[in-house]
Amino acid sequence: MPTSAKNPHLPFGDQRMAPWYGKDIISVKQFSRSDLEYVFAVAHEMRVMVERVGTFDLLKGKILANLFYEPSTRTSSSFAAAMERLGGSVISINEVRYSSVAKGESLPDTIRTLECYADVIVIRHPELGSAAIAAQAAHKPVINAGDGVGEHPTQALLDAFTIHEELVQMDDLTVTMLGDLKYGRTVHSLSRLLSLYNAKLNYVSPEILRMPPEIIAELEAKGIRQAEHNALDKVLPETDVLYVTRVQRERFESEEVYNSVKGAFVVDKNIMAGAKKKMIVMHPLPRVAEINVDFDDDPRAAYFRQMEFGLYVRMALLAMVLGKA
Ligand code: NCD
């Protein structure tokens, strides 16, 4: 459930009607199973509406500030598209070097500025914990679009929605996460979210890029079955969802170490011959070389559909925090 109520003005009755109204979205830990069902239902409605009418006026007059201190293609443009498809508008700050950040402005001051002009702030920042700091400074809802190696909750929500749409069931799935599990924030959020379901999690990575021990311990305490491997072949045949990630070059201290692991795992058509017929391959994207393009036409390749689902989930989240879901 959401943690902080930022809008004391909303009467109690309405708060119960719209439990996400005015709330921040900082971590997947805020979401219960029933919250997820609610997000999926709203996202599904958004999908139907986009397919039927394209753009509609649910958030007419509302303004989103999209503040990106790190590169982004999908997250920033899908949040912008989500706001515009709901009839709202967007202040985009993608190049912080052209903003007052380059003059040394602090994050809380930048946030206080943007909330004078916008109704909701989406932030991506290289430091762990930065989204929580922004949320503390703001009176308006703040949505975490990636805080360094920490979390990427909206990605995990769209990942879960993708699994839900593609495989229908969420329980009793074997999910294999492959690649950079140490620095990849998407797998940190997704593994936590999957712990709400009876998932079995396999972690396949180079030795130096293993899933952080604190996340493994956190899931262990919840009774989630987890196993670490250094090769894919043993676990591929039982896998329902293969979640591939990019080695996060920008988080390495040395280029040499990055080079030693960058090509560790590549999924291609040949390798996928060893997987089930009914399963999906996901990737938060961008991919570098972890999935060969020869697999793109396979019906199990869900990564492009996953990207589209991101639009519907982000529309749902914006509508929820702005009280219109
Ligand atoms: C991911 C991210 O930024 O963490 N990208 C995204 O939002 N789709 C994954 C990545 O950069 O590898």
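Selection of segment 141-187 for residues being β-branched (Val, Ile, Thr) and in contact (Cβ under 8 Å) with a residue 60 or more places away in the chain yields Val142, Ile143, Val149, Thr154, Thr162, Ile163, Thr174, Val175, Thr176, Thr186. The set of residues from segment 118-166 being hydrophobic (A, V, I, L, M, F, W, C) and touching a Lys or Arg at 6+ places or on another chain (Cβ under 8 Å) comprises Ala118, Val120, Ile121, Ala137, Ala138, Ala145, Val149, Ala156, Leu158. Looking across segment 76-90 at every residue that is open to solvent by less than 10 Å² (accessible area, probe 1.4 Å), part of a helix (DSSP H, G or I) and aliphatic (A, V, I, L, M), the one that is farthest from Val50 (Cα to Cα) is identified as Met83.
The requirement of being among the aromatic types (Phe, Trp, Tyr), within 16 Å of the ligand (Cβ to nearest atom), open to solvent by 10 Å² or more (accessible area, probe 1.4 Å) and outside the structural domain of Leu128 (by TED's automatic domain parsing) is fulfilled nowhere in segment 195-206; no residue meets it. Determine, yes or no, whether Ala65 is out of contact with any Phe, Trp or Tyr (no Cβ under 6 Å at 6 or more places or on another chain), assigned by TED's automatic domain parsing to the domain that holds His125 and in a helix (DSSP H, G or I). Judged against the criteria, Ala65 is not a match. Report yes if Ala18 is of a type in the set (A, V, I, L, M) and more than 18 Å from the chain's Cα centre (by Cα), otherwise no. When the stated conditions are applied, Ala18 passes them. When Val90, Val48, Val28, Val39 are checked against the criterion of being under 30 Å from Ser195 (Cα atoms) and either in contact with a strand residue (DSSP E or B) (Cβ under 6 Å, 6 or more places away or on another chain) or within 16 Å of the ligand (Cβ to nearest atom) (or both), a single residue qualifies: Val28.
Restricting attention to segment 233-265 and to residues that are open to solvent by less than 20 Å² (accessible area, probe 1.4 Å), in contact with a strand residue (DSSP E or B) (Cβ under 6 Å, 6 or more places away or on another chain) and of a type in the set (A, V, I, L, M, F, W, C), the residue that is farthest from Ile163 (Cα to Cα) turns out to be Val235.
Checking each residue in segment 266-301 for being assigned to a loop (DSSP other than H, G, I, E, B) and touching a strand residue (DSSP E or B) at 6+ places or on another chain (Cβ under 6 Å) picks out His283, Glu290, Arg300. Can you find a residue that is surrounded by fewer than 24 Cβ atoms within 10 Å (Cβ to Cβ) and touching a residue at least 60 places away in the same chain (Cβ under 8 Å) anywhere in segment 213-230? There is no residue in segment 213-230 that is surrounded by fewer than 24 Cβ atoms within 10 Å (Cβ to Cβ) and touching a residue at least 60 places away in the same chain (Cβ under 8 Å). Since Ala275 meets every condition but one in (1) in contact with a helix residue (DSSP H, G or I) (Cβ under 8 Å, 6 or more places away or on another chain); (2) open to solvent by 40 Å² or more (accessible area, probe 1.4 Å); (3) within 19 Å of Asp159 (Cβ to Cβ), which condition does it not meet? It is condition (2) that Ala275 fails.
Scan segment 67-86 and give yes if some residue there is charged (D, E, K, R) and more than 16 Å from the ligand (Cβ to nearest atom), otherwise no. So that I can check it myself, show each step before the final result.
Going residue by residue through segment 67-86, those that are charged (D, E, K, R) are 70, 74, 84-85.
Narrowing further to those that are more than 16 Å from the ligand (Cβ to nearest atom): 84-85.
Yes: segment 67-86 contains one or more residues that are charged (D, E, K, R) and more than 16 Å from the ligand (Cβ to nearest atom).
Across segment 278-301, the number of residues qualifying as more than 13 Å from the ligand (Cβ to nearest atom) and either open to solvent by 20 Å² or more (accessible area, probe 1.4 Å) or not assigned by TED's automatic domain parsing to the domain that holds Asn202 (or both) comes to 9.
The values are calculated or read from the model by the stated rules, or taken from the named source; none is laboratory data. Keep in mind it's a predicted model, so treat the numbers as computed, not measured. Note that we place each Cβ from the backbone using ideal geometry, even for glycine, and neighbour counts take in every protein chain shown. With ligands, DNA and RNA removed, areas are computed over all heavy atoms of the protein, side chains included. Shrake-Rupley method; radii C 1.70, N 1.55, O 1.52, S 1.80 Å.
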